[in-house]
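Asks: My structure is below; once you've seen it, I'll send some questions.
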């Protein structure tokens with residue numbers, strides 16, 4: 001447990017309105033105390049640290065100037081929302097972050113009226129803020145009313161197409177809308193310096209408003225001797241602020257860059273915008289991820305995601321591992337394949353480390369492409385790479401690949417292009433909760449003509465599937481694997497190319513067969529052991545492929561058993577549905593054959609440990625055992641289902 005920091009002013013903040021009692025100097029102290037409380041809380045829970053530390057001053061200033069929850073404050077992605085949660089009435093629960101029954105690690109509408117729009121994927125905030133602005137102007141009725149709409153979006157999220165689609169629409173509509181570009185990587189503007197400080201002071205005063213009037217087309221209203229001077233002033237300002245020209249052309253007034261950690265600048269600019277803005281306006285703030293906590297500032301990722309840690313040293317408390325992570329196994333296997341085939345390239349969307357491509361990028365920098373937060377572009381880019389004779393591996397989280405689904409259909413599957421989809425974070429993922437669960441990829445990929453869909457039962461199988469994908473050139477192919485560690489099996493020296501559409505037998509039994517797709521196989525094995533102790537020995541098979549199905553194996557299992565149970569880490573409509581379709585088409589059910597499909601429930605499962613989440617989904621070993629007994633009509637007298 002970390003020592004609770006001394007926070008005398010923060011202790012007086014129960015809701016954001018309480019910030020209005022403080023002077024500007026006191027608000028700076030509130031920010032310091034909020035930063036200390038955030039560090040202390042995350043040291044106990046783990047989570048996204050660096051992003052929140054980078055917006056502490058901005059969080060305090062926004063809530064002090066605006067009137068939330070009437071004013072709608074929308075955090076893009078929202079992994080930076082922990083300080084926001086602390087000052088919006090959730091401080092007493094902040095040490096339950098990302099835990100079962102606790103606070104979500106992201107904004108969540110059902111959690112608080114101060115979270116007007118849920119988020120965990122990027123680049124949605126401007127669209128949402130514009131929606132609130134239009135609803136306000138059209139008289140939309142909500143419990144708290146609708147005031148200003150404010151979107152806070154990072155420079156990485158701003159690179160995504162959806163952000164620019166929203167800005168284009170917002171500029172066209174001309175509604176009062178406030179967008180804060182939280183630039184924590186200095187990817188658009190130069191470092192903050194004396195010039196930026198001067199411009200920030202200029203923006204907050206009356207001369208700026210006059211200049212903006214000229215910029216909005218009012219030059220012709222000035223006396224003729226001043227018109228040319230106004231035009232030159234406008235052009236000079238745009239050139240000095242570097243990024244402003246693009247935003248101006250999209251119809252936004254542009255302010256910045258300002259120092260996002262300077263409370264005086266923040267308060268002055270926000271108060272001016274609140275008092276004077278009429279249409280869409282963008283405030284460009286430079287911040288530093290991990291600000292104010294040396295261990296986070298020193299890390300390459302600025303403390304983006306962390307396990308529990310010691311506040312003094314920053315050392316993380318990670319449980320020892322006896323098996324490699326699936327992500328690292330994929331990365332190593334892909335490097336090995338790339339060493340043998342110079343046509344192999346890797347593409348990811350802003351997640352090179354998260355998808356295990358760090359080593360690949362180091363070994364083959366010219367063959368590794370991070371396209372930024374642009375999954376749609378990434379998928380189509382891979383399609384053309386394949387059409388151009390390369391062998392692209394498109395490495396994305398299952399939940400993020402959803403963002404590029406139309407491109408998977410139109411630009412890859414429809415054209416039969418051999419793109420290899422490496423789908424990380426398949427199934428339930430734990431602390432990140434429902435927004436990051438890989439629940440739907442089996443269903444949304446296996447229904448596409450010509451698509452091959454595989455799932456690794458363990459880390460050795462994953463190596464084989466990387467090799468299989470590298471060798472396959474007849475169309476698109478996908479393989480999925482979960483977050484976390486493998487099961488500790490012996491690893492092959494080299495991946496084996498699997499026969500497409502062929503599963504494998506794991507255990508021969510009688511009466512009932514269990515056909516597993518993915519890493520629930522380890523739970524199936526546990527269930528089979530428990531059933532054997534009861535005198536029931538089920539047949540166990542690993543499907544390996546959801547598409548194409550191993551027809552021969554499935555029909556043989558149906559012919560030699562009373563019942564067949566499929567199990568997968570995916571939603572209804574996936575592997576089990578395809579097996580049921582096959583059995584129906586072959587008339588197997590006409591003979592009274594029993595079939596059951598164990599899938600994720602038709603609900604979103606909140607954050608908890610992966611084991612607890614799968615228990616909630618009834619996909620753990622005791623649930624599988626109970627399903628076998630149920631289908632065989634064997635009562636569990638005096639027993640309760642786990």
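Asks: Filter segment 436-484 for residues that are within 22 Å of the chain's Cα centre (by Cα) and more than 28 Å from residue 410 (Cβ to Cβ) and give the result.
Replies: Correct list: 482, 483, 484.
Residue by residue, here is whether (1) closer than 20 Å to residue 608 by Cα; (2) modelled with pLDDT of 95 or more holds:
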| residue | (1), (2) |
| --- | --- |
| 60 | no, yes |
| 66 | no, yes |
| 69 | no, yes |
| 75 | no, yes |
| 78 | yes, no |
| 83 | no, yes |
| 87 | no, yes |
| 90 | yes, yes |
| 96 | yes, yes |
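Asks: For residue 265, only one of the following conditions fails: (1) in contact with a strand residue (DSSP E or B) (Cβ under 7 Å, 6 or more places away or on another chain); (2) in the same structural domain as residue 365 (by TED's automatic domain parsing); (3) part of a helix (DSSP H, G or I). What is its number?
Replies: Of the numbered conditions (1) in contact with a strand residue (DSSP E or B) (Cβ under 7 Å, 6 or more places away or on another chain); (2) in the same structural domain as residue 365 (by TED's automatic domain parsing); (3) part of a helix (DSSP H, G or I), the odd one out for residue 265 is (2).
Asks: Okay, moving on. From (1) surrounded by fewer than 19 Cβ atoms within 10 Å (Cβ to Cβ); (2) over 26 Å from the mean Cα position of the chain (by Cα), pick out the condition that doesn't hold for residue 338.
Replies: (1)
Asks: What tally of residues in segment 317-330 results from selecting those that are touching a strand residue (DSSP E or B) at 6+ places or on another chain (Cβ under 9 Å) and either over 21 Å from residue 46 (Cα atoms) or surrounded by 15 or more Cβ atoms within 10 Å (Cβ to Cβ) (or both)? Steps first, please.
Replies: Taking segment 317-330 and keeping what is touching a strand residue (DSSP E or B) at 6+ places or on another chain (Cβ under 9 Å), we get 317, 321-327, 330.
Imposing the further condition that a residue be either over 21 Å from residue 46 (Cα atoms) or surrounded by 15 or more Cβ atoms within 10 Å (Cβ to Cβ) (or both) reduces the set to 322-327, 330.
Going through segment 317-330 one residue at a time, the tally reaches 7.
Asks: Ok, one more. Mind checking which residues of segment 432-477 are closer than 25 Å to residue 491 by Cα and out of contact with any helix residue (DSSP H, G or I) (no Cβ under 8 Å at 6 or more places or on another chain)?
Replies: Those that are closer than 25 Å to residue 491 by Cα and out of contact with any helix residue (DSSP H, G or I) (no Cβ under 8 Å at 6 or more places or on another chain): 452, 460, 461, 464, 465, 468, 469, 471, 472.
Asks: Do we have residue 458 as buried (at least 24 other Cβ atoms within 10 Å of the Cβ), at pLDDT 95 or above and closer than 20 Å to residue 326 by Cα here?
Replies: No, not satisfied.
Asks: What residue, of 458, 474, 424, 406, is over 27 Å from residue 550 (Cα atoms) and not assigned by TED's automatic domain parsing to the domain that holds residue 611?
Replies: Step by step, each of 458, 474, 424, 406 is checked, and only 406 is over 27 Å from residue 550 (Cα atoms) and not assigned by TED's automatic domain parsing to the domain that holds residue 611.
Asks: For the subset of segment 247-296 comprising residues that are under 24 Å from residue 176 (Cβ atoms) and free of Cβ contacts under 8 Å to residues at least 24 places away in the same chain, which member is nearest to the chain's Cα centre (by Cα)?
Replies: The first filter runs over segment 247-296 and keeps only residues under 24 Å from residue 176 (Cβ atoms), leaving 247-258, 260, 265-285.
Narrowing further to those that are free of Cβ contacts under 8 Å to residues at least 24 places away in the same chain: 249, 275.
Details: 249: 30, 275: 35 Å.
Selected residue: 249.
Asks: In segment 307-350, which residues are touching a residue at least 40 places away in the same chain (Cβ under 8 Å) and closer than 21 Å to residue 32 by Cα?
Replies: Listed by number, the residues that qualify are 309, 310, 311.
Asks: Would you confirm whether any residue within segment 67-90 is assigned to a helix (DSSP H, G or I) and surrounded by fewer than 21 Cβ atoms within 10 Å (Cβ to Cβ)? Steps first, please.
Replies: Step one: of segment 67-90, the residues assigned to a helix (DSSP H, G or I) are 82-90.
Still in the list and also surrounded by fewer than 21 Cβ atoms within 10 Å (Cβ to Cβ): 89-90.
Yes, that holds for at least one residue.
Asks: Identify the single condition in (1) surrounded by fewer than 16 Cβ atoms within 10 Å (Cβ to Cβ); (2) touching a residue at least 40 places away in the same chain (Cβ under 8 Å) that residue 477 does not satisfy, given that it satisfies every other one.
Replies: Status for residue 477: all satisfied but (1).
Asks: So, of the residues in segment 1-21 that are under 29 Å from the mean Cα position of the chain (by Cα) and part of a loop (DSSP other than H, G, I, E, B), which turns out to be surrounded by the most Cβ atoms within 10 Å (Cβ to Cβ)? Before the answer, list the steps.
Replies: Within segment 1-21, the subset under 29 Å from the mean Cα position of the chain (by Cα) is 1-2, 15-16.
If we keep only those that are part of a loop (DSSP other than H, G, I, E, B) too, we end up with 1-2, 15.
Details: 1: 7, 2: 16, 15: 13.
Within segment 1-21, the match that is surrounded by the most Cβ atoms within 10 Å (Cβ to Cβ) is 2.
Here's the yes/no breakdown for (1) buried (at least 20 other Cβ atoms within 10 Å of the Cβ); (2) closer than 20 Å to residue 34 by Cβ:
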{"residue": "255", "(1), (2)": "yes, no"}
{"residue": "258", "(1), (2)": "yes, yes"}
{"residue": "264", "(1), (2)": "no, yes"}
{"residue": "275", "(1), (2)": "no, no"}
{"residue": "280", "(1), (2)": "yes, no"}
{"residue": "285", "(1), (2)": "yes, yes"}
{"residue": "292", "(1), (2)": "no, yes"}
{"residue": "297", "(1), (2)": "no, yes"}
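Asks: Can you report the number of residues in segment 385-435 which are within 19 Å of the chain's Cα centre (by Cα) and on the phi > 0 side of the Ramachandran plot?
Replies: 4
Asks: The conditions are (1) modelled with pLDDT under 95; (2) in contact with a helix residue (DSSP H, G or I) (Cβ under 9 Å, 6 or more places away or on another chain); (3) crowded, with 18+ Cβ neighbours inside 10 Å, and residue 149 fails exactly one of them. Which is it?
Replies: (1)
Asks: Also, I was wondering about something else. When you scan segment 594-611, do you find a residue that is touching a helix residue (DSSP H, G or I) at 6+ places or on another chain (Cβ under 7 Å), free of Cβ contacts under 8 Å to residues at least 60 places away in the same chain and surrounded by fewer than 17 Cβ atoms within 10 Å (Cβ to Cβ), even just one?
Replies: The answer is yes; a qualifying residue exists.
The values are calculated or read from the model by the stated rules, or taken from the named source; none is laboratory data. Keep in mind that this is a model prediction, so the values were computed, not measured. Glycine also receives a Cβ, built like all others from the backbone with ideal geometry; neighbour counts cover every protein chain displayed.
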